[in-house]
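What follows is a set of notes on a single structure, which appears directly below.
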Amino acid sequence: MRPDALTLRRRLIRDGLPMLLLAVAPLAAMAVDAGWLVPVFTRMAVFALAAMALHFILSIGGMVSLGHAAFFAIGGYVVGIGSQHAYDETPAPLGLPGWNDMLISLPAAFAVGALIAVPFGWLSLRTRGAYFIMITLALAQMIFYLLVSLRAYGGEDGISMWWGRNTLAGLEMSDRLALHAVCLVILALAWWVLSRMTAAPFGWVLDGARQNEARMRALGYRPLAYQIGAFALSGGIVAVAGALMANVDEFVSPGLGHWTVSGELLVIVILGGLGSLSGAVWGALVLLGLEEVLMEFTQHWAVIMGPLLVVIVLFARGGVGGFLDRLNMGKRHDDA
Amino acid sequence: MTTPDAPVLEARDLHKSFGALVATNGLSLTVRTGQIHALIGPNGAGKSTAIAQLAGSLRPDAGEVLFSGHSVTRLDEAGRARLGLARSFQISALFPEMTALESVMLAVQAGRRHHARFWKPASADDSLLEPARQALYTLGIGHLARTRASDLAHGQRRLLEMAMALAREPRVLLLDEPMAGLGFVETRNLSAVIHALKADMGILLVEHDMDVVFRLADVVTVLVDGAVIASGPPSVIRDDPDVRRAYLSEDDAC
Amino acid sequence: MLLFLEQLLNGVQLSVTLLLMASGLTLIFGIMSLLNLAHGSLFMTGAFVAAWVSGETGSWALGLLAGAGAAFAVGLLIETVVMRRLYDRDHLDQVLATFGLILFFNEMVRLVWGIRPMRLDVPDALSGFVEVVPGAPYPVYRLVVIGAGLAVMLALGWLVRGTRIGMRIRAGSVDREMIGALGVDIGRLYSLVFALGALLAGLAGVLAGPFLAVQSGMGEPILILAFVVVVIGGIGSLKGAVVGSLVVGLTDTLGRVYLPDILAFLFGEGAAEAGAAALSSMLIFLVMAVVLAVFPSGLYGRKG
């Protein structure tokens, strides 16, 4: 949003490098006969997508949502439910026929996620600060319990899509690389859209309202509509990420909406740094990468991860983005 | 089009209480185009509460606010701003992370209906850029366009505040202590700016500096305990015995 | 009618558990403006240590002492190591750091006690039933929980309102710098408040242990319910915490029991069965939504 003094080279490293890594890593894994690693990278791309949507409302809108797992799960269930009915050939809710193609399930996930995000956003935006955090967390927990209570869709156990993934325009997506490519393309697309919107008047209004809401009203803006709109857009994108996750795992369960997922998304955003949207990609690479590595050493990796997080928060604010900026500028960058 | 002397903003018998505290008690005043209307009174007289009700950030318990003869009592602050009411804040309420230019562009944009609200980068929009630059130059801070608001000196923030209010070409300007914290030279400069503005708009000025008030104002209204005790031209107000007793003497004391 | 009385008491008992959690949360937020997600970990600590000690020694009373004491000690420890560095940070930092603590504690109990849930039994002396009204036997232990919780809350109310230390605590929430200038060691005061909140959370964990599976992650569902309590009651207000706990505890308990009947009456059996399970698990959140829509800062919250 600031008039950017970044050089092209720096921007390439900050924004291009993590995308390049996500694009090349699976190919490299295939080349060295480690194809089982591909889903790990796809997971990173999916979490990067969800975290980027959270980054958007957090960095320019100032909305610290600890409830985005709800939308993640909702997107997953749009895939799971449609797929189950398509396989059973039973009518889905509202009497619709089941769906099993990404051209339907992904837009549907976006629509349902965004639609539910509107009342959630409105309620949460009645307040600010700590209240906002607690309310988003509580509303997400409500969705979690709702999903647990859906006995027709497996209750706590969820839906195992043992019949396979969604197709894409009729094409089978059983190839892991193909699915990875789809996720990557959608991530890039979301990045492009969100960057445009950040720089557009829409983003300016959000940014202004974050910095001084009373001033915005005095200028003649009604920020609430913009904020709810941004929250809904964010919820919709996270739902698309959830829909992709369902396809990666071929499985959905209320666990997608567990509150720790909301926490992880926040961690990814902060790990990557708030300076640019690409921080979400960095954050996903670092967090999920770290998890994978720690898991190699111990199943109790969280015993290390937890304190590490505390240390990062206490002593290394600014994340990867801040770190890169500091490297490049040769002096401490002011993130305030 | 502005007609000199036409009433542009009116308060009619406004009342506002917070619990037992009566903050506004039957306030009526008229701001006319081409006039600077000063609202003065001792601390706690209810000036800020009055501004808030005129601006629309606070709803009166009773009474009416009229803009160009139409009631806007039920209109929110943003709605009044869109009609052409601008205000400055007592504490310089800026966007700390934005540059001066961006801040004013945001103010200009507020008055627009944009076709590409979601897509076109705002920073490249000449129709925002030009008026914003103009406003900064008018107030003599054109050279600070690329400076972040949080890095501006106090006096410069006051001027930026004014630039943001003016950028939207308002018809009424509510100024809540614009001179607070300014030095002698800055006060004189800002006074000149305000004086030059009144040709195109009505101005309501809340100000503690009595020299400024009596030099600039065409009409002075004196508020004590939420009620108007006197209203008229500065020469009359200056000699009003009630005013001297209730206010001016106290002011000397502090 | 007897069923209703029984459920009412069950609801009050849940309310007491929530109140012990929420009062600590709200005190800590009100005074240090700290949003502590790891409050659930202290609840879990209380339950685990009590289950372990009472299992090893056979004494429930020892378990109670050990559980509450452990929560207090862990509270003091994390306040010293982590929390005091967070008081001046924004809520986002607080959320992330305390999220890290949750990851640590949830994994730590798996490491120490394994993944199998532990049992915390009702003590023999309190395992009987008593007739609250003739013909309505009710577990003694649940009555004791209600009584103990109320006693603790009365003591807390007295501590905050009637004692010198309480005055300092309240003054600290009003004006940090002033109280610092008066020569009170604000750092020690904060440690004390935090550890007190931890003690209450641990106590809640011990008392509620017999009704729950004592396992990793057990603290967070309770924590989120306590957040709902705080949102409804108004952050920083003890009175709000009391009212909010009653609203949440009673709504949840009575909703689960009576909602199926109400829905069946309104919409017929078939629709009710599918909807009741979903709706009763969402009920308190919907109540929270309604309260928010009308009172954005909670029933007893200060505006802004």
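The values are calculated or read from the model by the stated rules, or taken from the named source; none is laboratory data. Keep in mind it's a predicted model, so treat the numbers as computed, not measured. Neighbour counts run over all protein chains shown; Cβ positions are idealised from the backbone, glycine included. Ligands, DNA and RNA are excluded from the accessible area calculation, which covers all protein heavy atoms including side chains. Shrake-Rupley method; radii C 1.70, N 1.55, O 1.52, S 1.80 Å.
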**Request:** Compute the FRET efficiency between residue A:174 and residue A:315 as 1/(1 + (r/R0)^6), taking r as their Cβ-Cβ distance and R0 = 56 Å, and round to the nearest 0.05.
**Result:** 0.80
**Request:** State the percent of C-alpha pairs, over all pairs in the range B:1-99, separated by a distance greater than 20 angstrom.
**Result:** 41
**Request:** Please compute the Cα-Cα pair-distance distribution of chain A with 20 Å bins starting at 0, giving whole percents from short to long.
**Result:** 31, 59, 10, 0
**Item:** For a label point 7 Å along the Cα-to-beta-carbon line of residue C:273, residues of the range A:123-163 with backbone N under 20 Å
**Value:** A:147-157
**Message:** Given 4 °C and 1.567 mPa s, compute D for the range A:154-259 with the Stokes-Einstein relation, Rh being the Kirkwood radius over Cα pairs; round to the nearest whole µm²/s.
**Reply:** 78
**Message:** Give me the 1.4 Å probe accessible area per residue for the range B:21-74, excluding ligands and nucleic acids, in Å².
**Reply:** 36
**Item:** Solvent exposure of chain A as accessible area per residue, Å², 1.4 Å probe
**Value:** 38
**Asked** Cα axis of helix C:186-208 to longest principal axis of chain C: angle in degrees, 0 to 90, nearest 10?
**Response** 20
**Request:** Mind giving me the FRET efficiency for residue C:130 and residue A:28? R0 is 51 Å, r the Cβ-Cβ distance, nearest 0.05 is fine.
**Result:** 0.15
**Item:** Ratio of the Cα radius of gyration of the range B:78-133 to 2.2 N^0.38 Å, where N counts its residues
**Value:** 1.20
**Message:** If you take every residue apart from residue A:281 with its C-beta less than 11 Å away from the C-beta of residue A:281, what net charge results, scoring Lys and Arg +1 and Asp and Glu -1?
**Reply:** 0
**Complete:** Here, GluC sites (Glu not before Pro) of the range A:145-243 satisfying both criteria (DSSP loop; at most 13 other Cβ within 10 Å) are A:172
**Message:** Give the residue list of trypsin sites (Lys or Arg not before Pro) in the range A:186-242 that are DSSP loop and have at most 13 other beta-carbon atoms within 10 angstrom.
**Reply:** none
**Prompt:** Counting only protein heavy atoms and using a 1.4 Å probe, what share of the accessible area of chain B belongs to carbon plus sulfur, as a whole percent?
**Reply:** 52
**Request:** Please list the radius of gyration and Dmax for chain B, considering alpha-carbon atoms only, with Å as the unit.
**Result:** 18.4, 61
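So what's the net charge close to residue A:268: Lys and Arg +1, Asp and Glu -1, counting the other residues with Cβ under 13 Å from its Cβ?
Taking every other residue near residue A:268 into account, the sum is -1.
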**With Cα atoms, 0 to 90° folded angle of helix C:140-162 axis to chain C main axis** = 30
**Message:** I need the fraction of alpha carbon pairs in the range B:96-169 separated by more than 21 Å, rounded to a whole percent.
**Reply:** 20
**Request:** Report, largest value first, the span of the C-alpha coordinates of the range C:38-106 along each principal axis, in whole Å.
**Result:** 45, 19, 13
**Message:** At a probe of 1.4 Å, how much accessible area disappears from chains B and A on forming the pair, both sides counted, to the nearest 100 Å²?
**Reply:** 3000
**Complete:** Longest principal axis of chain C (C-alpha) makes with the long axis of helix C:269-294 (C-alpha) an angle, in degrees to the nearest 10, of 30
**Asked** In nm, to one decimal, how far is the residue C:148 label point from the residue B:154 one, both placed 7 Å along Cα→Cβ?
**Response** 5.9
**Message:** Just to be sure I understand the rule: take each whole DSSP H helix in chain B, project its Cα atoms onto its long axis, keep it if the span is 24 Å or more and its mean Kyte-Doolittle hydropathy is at least -1.0. Which ones pass?
**Reply:** none
**Prompt:** Label 7 Å along Cα→Cβ of residue B:90; the range B:173-195 residues with amide nitrogen under 16 Å?
**Reply:** B:174-182
**Fill in**
From the Cα centre of the range B:5-57 to that of the range C:204-264, the distance in Å is 48
**Prompt:** Can you give the Rg to Rh ratio of the range A:17-57, both from alpha-carbon atoms, with Rh computed by the Kirkwood formula?
**Reply:** 1.09
**Prompt:** If you rank A:315, A:231, C:211 by how much accessible surface each has, with a 1.4 Å probe, what is the order from largest down?
**Reply:** A:315, C:211, A:231
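Summing +1 for each Lys or Arg and -1 for each Asp or Glu, what net charge is found among the other residues whose Cβ lies under 13 Å from the Cβ of residue B:30?
-3
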**Prompt:** In percent, how large is the relative contact order of chain A, given Cα pairs closer than 8 Å and 6 or more residues apart?
**Reply:** 31
**Request:** Please give, to one decimal in nm, the separation of the simple spin-label points placed at residue A:196 and residue A:163, each 7 Å out from Cα toward the Cβ.
**Result:** 3.7
**Prompt:** Taking both sides together, what accessible area is buried at the C/A interface, probe 1.4 Å, expressed in Å² and rounded to the nearest 100?
**Reply:** 3900
**Request:** For residue C:34, list long-range residues whose amide hydrogen, built 1.01 Å from N in the peptide plane, is under 5 Å from its own amide hydrogen.
**Result:** C:29
**Message:** Please return the longest range in chain B lying between exposed loop sites, taking trypsin sites (Lys or Arg not before Pro), DSSP loop only, at most 16 other beta-carbon atoms within 10 Å, and leaving the sites out.
**Reply:** B:147-254
**More than 21 angstrom apart: percent of Cα pairs within the range C:7-216** = 55
**Request:** Return an integer: the convex hull volume of the alpha-carbon atoms of the protein assembly as shown, in Å³ per residue.
**Result:** 206
